[in-house]
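Below is one structure, written out as structure tokens; comments come after it.
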Amino acid sequence: GAGVSQSPSNKVTEKGKDVELRCDPISGHTALYWYRQRLGQGLEFLIYFQGNSAPDKSGLPSDRFSAERTGESVSTLTIQRTQQEDSAVYLCASSPGGLYEQFFGPGTRLTVL
Amino acid sequence: GESVGLHLPTLSVQEGDNSIINCAYSNSASDYFIWYKQESGKGPQFIIDIRSNMDKRQGQRVTVLLNKTVKHLSLQIAATQPGDSAVYFCAEKYGGATNKLIFGTGTLLAVQP
């Protein structure tokens, strides 16, 4: 079946602009996660959605970052007033209920000029 | 604090040799651990996982060892192949209701032909 998909695959924006990144999880997966990965570094947790529960936003680095999820479907990560330090690959993952393994998408590479 | 660290940032091995990638974790309450492989330009891919009530688990050419006494995790790859070249991440799940994974910084495995 289809895996996790993310769009766009690449995004170049100017400092100060807002960007929206999209994630389509695997159908039926109740949990969805967003991570940030800077060049040559590990995955930095941003936010986690689990079913209808309140999302765990403990990893969002500032109030410029926000995310939404429609039911158990698509999620969008929004970065307002982008800064150069926001440049990174943003990865989305989903997992089915009752399992901890996360299935990752290919990521969106964000470059802020 | 929240951290999962790796002892070796880069590991270079000869094709056909066995590889061992190490990981130290900090939370003694973590109850689940997972290894991911990330090839260049792609999202992380599941390799193998282990629960805290086990000390060893084997897959195809891979073995994960867990030593809770010293909070150490290792990934062994038998007969390493050029296709194994990638960055390997360990991740831990804290005990309790959360499914959030905390990732380490990664080890680059370079397989020499």
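The values are calculated or read from the model by the stated rules, or taken from the named source; none is laboratory data. These figures come from a predicted structure and were not determined experimentally. No Cβ is skipped: glycine too gets one built from the backbone with ideal geometry, and neighbour counts run over all protein chains shown. The area values use the complete protein model at the heavy-atom level, side chains included, leaving out ligands, DNA and RNA. Shrake-Rupley method; radii C 1.70, N 1.55, O 1.52, S 1.80 Å.
Accessible surface buried by the A/B pair amounts to about 1500 Å², both sides summed, 1.4 Å probe. Taking 23 Å as the limit for the C-alpha separation, the pairs A:K17/B:K42; B:K71/B:K93; A:K15/B:K100; A:K57/B:K56; B:K71/B:K100; B:K68/B:K100 exceed it in the case of A:K17/B:K42; A:K15/B:K100; A:K57/B:K56.
Estimated from the Cβ-Cβ distance and a Förster radius of 22 angstrom, the FRET efficiency linking B:T98 and B:I20 is about 0.15. Once the Cβ-Cβ distance of B:A110 and A:A54 is raised to the sixth power relative to R0 = 41 Å, the FRET efficiency obtained is 0.45.
Each residue of the range A:41-54 is assigned a 3J(HN,Hα), and the resulting list reads 10, x, 8, 9, 5, 10, 7, 9, 10, 10, x, 9, 6, 4 Hz, derived from the Karplus form 6.51 cos²θ - 1.76 cosθ + 1.60 (θ = phi - 60°), x at Gly and Pro.
Label positions at B:A79 and A:T111, each projected 7 Å from the Cα along the C-beta direction, are separated by 4.2 nm. For the range B:4-112, the solvent-accessible area works out to 45 Å² per residue, with a probe of 1.4 Å and every protein chain left in place. With the simple model of a label 7 Å out from the Cα in the direction of the Cβ, A:L39 to B:T10 spans 1.6 nm. At 1.306 mPa s and 10 °C, plugging the Kirkwood radius over alpha-carbon pairs of the range B:20-89 into Stokes-Einstein gives what diffusion coefficient in µm²/s? Roughly 126 µm²/s, to the nearest whole number. Exposed loop positions in chain A were taken to be trypsin sites (Lys or Arg not before Pro) whose DSSP state is not H, G, I, E or B and which have at most 14 other beta-carbon atoms within 10 angstrom. Between these positions, the longest stretch is A:82-113.
Under the simplified labelling scheme, the A:N10-B:F46 pair shows an inter-label distance of 3.1 nm, with each label point 7 Å from Cα along Cα→Cβ. Normalising the Debye intensity of the protein assembly as shown to I(0), with uniform scatterers on Cα atoms only, and taking log10 at q = 0.09, 0.10, 0.14 Å⁻¹ returns -0.37, -0.45, -0.88.
For A:T70 and B:E39, the FRET efficiency from 1/(1 + (r/R0)^6), where r spans their Cβ atoms and R0 equals 35 Å, is about 0.70.
Accessible surface computed residue by residue for the range A:5-112, with neighbouring protein chains in place and a 1.4 Å probe, gives 46 Å² per residue. For chain A, the normalised intensity computed at q = 0.11, 0.16 Å⁻¹ comes to -0.31, -0.66 (log10 of I(q)/I(0), Debye sum over alpha carbons, equal scatterers, no solvent).
3J(HN,Hα) couplings calculated from phi for the range B:75-84 with the Karplus curve 6.51 cos²θ - 1.76 cosθ + 1.60 (θ = phi - 60°) are, in sequence order, 10, 10, 10, 8, 6, 4, 10, x, x, 7 Hz; Gly and Pro show x.
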